[in-house]
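The values are calculated or read from the model by the stated rules, or taken from the named source; none is laboratory data. Only a predicted model underlies this, so the values are computations on that prediction, with no experimental measurement involved. Cβ: placed from backbone, ideal geometry, glycine included. Neighbour counts: every protein chain shown.
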Amino acid sequence: MKQNKYTIHDLLDIMARLRAPDGCPWDREQDHKSLKRYLIEEAYEVLEAIDEEDPGKLCDELGDLLLQVIFHAQIAKENDLFDFGDVTHGVSAKMINRHRHVFGEEEAETADDVMSIWEKIKKEEKGLNTQTQVLKEVPGNLPALMRSFKVQQKAAQVGFDWDDINDAMAKVKEEVQELEQAYKKGAESDIEEELGDLLFAVVNVSRFLNVQPELALTATVNKFIRRFEYVEAMAMEQGRQLNDMSLKDMDALWDEAKNIERKEKGEG
C-alpha cells in the first residue's frame, strides 16, 4: 500500500482497515469516550508546535489531530450515525452560511462586523432566544479560564460589561480584599468562592487587554519552570541541594535568572 503521496481518501481507508474485524486490536477497542484524552492531547501538541514556530512539527501535529477526526467519524459510520462526508458537508455548509458577507449579500468591513454577523447567525442556527442560552452554550468542559473569557465576551454583547479597564481593575482589587477577609475568617467554602471570584475578575481584565488568559498563564508556568531550572542548576554548581538552602538564597538565584532573561530580551 506504500505510495509517494497519500490523500484524505487513503487516510479514510487506513482507518477503516484498522477498525475492521481483522484490523488492529487497540483501534477496534476504542470509542468516542476512550478517545477524548487523545483529542485533547493532540490539540495541545498543535498549540505547542505553533508556539515553537516549527512548520515541520506543525504539519505533523495537524496530521495527528486530523486522525482523531477521522477516527471519530469512522466509529460513527460503523454505528450508522454519520460519516466523514457528513462532517465535511456540515462544516462547509456552516462556513458558507456564517460568511454571508462573502457568499451572500451581508456586508462586513471590519473583523468586528464579521463577529457580529457570526454570533447572530449562530443564534439563528441553534434556536437560541435569550442571551442566557448563549452563555450556556459555551462548553462546560473547556478549561475554566477559556470558558470564563468566552462567557464574559458573550455577556458583553448585550452591554453587560464594565465601561473600561479601570473598572475591571478596581473589581480585581475588591475581590482581593474579599479573599483576604475570607481566609482570615477561616471559612473554607467562602475562601473557594472568593478565590473563584478573583480569578473571574482577572479574566475580565485580560479580556479588556485582549490577552487570552489561558495562553498567558501557560507562558508564565513555562517561565517559572525555566527560572526554577536555573536556580537548581546554580545550586548544584555550588554543591548544594535546594532542600538545604534558605528561601533568601533561592530568591537571589531567582533574581539572577530574571536579570539574564531581561538582558536576552534587550531590556537592560
*Test: His32 is exposed (fewer than 15 other Cβ atoms within 10 Å of the Cβ) and either assigned to a helix (DSSP H, G or I) or touching a residue at least 12 places away in the same chain (Cβ under 8 Å) (or both)*: yes
*Please give the number of the condition Tyr38 fails out of (1) more than 22 Å from Asn222 (Cα to Cα); (2) free of Cβ contacts under 8 Å to residues at least 12 places away in the same chain; (3) hydroxyl-bearing (Ser, Thr, Tyr).*
(2)
*Quick check, is Asn210 under 28 Å from Phe149 (Cβ atoms) and not in a helix (DSSP H, G or I)?*
yes
*asked:* Can you list residue pairs whose Cβ atoms sit under 8 Å apart, with the first residue in region 134-147 being closer than 15 Å to Phe200 by Cα and the second being part of a loop (DSSP other than H, G, I, E, B)? Count only pairs 6 or more apart in sequence or on different chains.
replied: Met146/Gln212; Arg147/Val138; Arg147/Pro139; Arg147/Gly140
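Report, by residue number, each residue of region 78-98 that is assigned to a helix (DSSP H, G or I) and closer than 20 Å to Tyr6 by Cβ.
Residues satisfying the conditions are Phe84, Gly85, Val87, Thr88.
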*Working only within region 234-268, note down all residues that are assigned to a helix (DSSP H, G or I) and hydrophobic (A, V, I, L, M, F, W, C).*
Met234, Ala235, Met236, Leu242, Leu247, Met250, Ala252, Leu253, Trp254, Ala257, Ile260
*Going by the conditions given, is Asn166 of a type in the set (S, T, N, Q) and either closer than 30 Å to Asn129 by Cα or modelled with pLDDT under 95 (or both)?*
no
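Of Asp22, Asp83, which residue is surrounded by fewer than 14 Cβ atoms within 10 Å (Cβ to Cβ) and of a type outside the set (Lys, Arg)?
Asp22
Among Lys173, Lys126, which is the only one that is surrounded by fewer than 13 Cβ atoms within 10 Å (Cβ to Cβ), among the basic types (Lys, Arg) and at pLDDT 95 or above? So that I can check it myself, show each step before the final result.
Numbers: Lys126 fails: at pLDDT 95 or above.
Lys173 is the lone residue from the list that is surrounded by fewer than 13 Cβ atoms within 10 Å (Cβ to Cβ), among the basic types (Lys, Arg) and at pLDDT 95 or above.
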_Residue check for Gly63: assigned to a helix (DSSP H, G or I), free of Cβ contacts under 8 Å to residues at least 12 places away in the same chain, of a type outside the set (D, E, K, R) and closer than 22 Å to Trp26 by Cα_ = yes
*Residue among Val231, Val203 that alone is surrounded by 11 or more Cβ atoms within 10 Å (Cβ to Cβ), in contact with a Pro (Cβ under 6 Å, 6 or more places away or on another chain), aliphatic (A, V, I, L, M) and outside any loop (DSSP other than H, G, I, E, B)*: Val203
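Here's the yes/no breakdown for (1) β-branched (Val, Ile, Thr); (2) under 26 Å from Leu142 (Cβ atoms):
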{"residue": "Lys5", "(1), (2)": "no, no"}
{"residue": "Arg19", "(1), (2)": "no, no"}
{"residue": "Gly23", "(1), (2)": "no, no"}
{"residue": "Glu42", "(1), (2)": "no, yes"}
{"residue": "Val46", "(1), (2)": "yes, yes"}
*What about Asp80, is it of a type in the set (Asp, Glu), on the phi > 0 side of the Ramachandran plot and at pLDDT 95 or above?*
yes
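For (1) surrounded by 15 or more Cβ atoms within 10 Å (Cβ to Cβ); (2) among the aliphatic types (A, V, I, L, M); (3) assigned to a helix (DSSP H, G or I), each residue gets a yes or a no:
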| position | (1), (2), (3) |
| --- | --- |
| Ala108 | yes, yes, no |
| Asp113 | no, no, yes |
| Gln133 | no, no, yes |
| Phe149 | yes, no, yes |
| Asn166 | no, no, yes |
| Leu179 | yes, yes, yes |
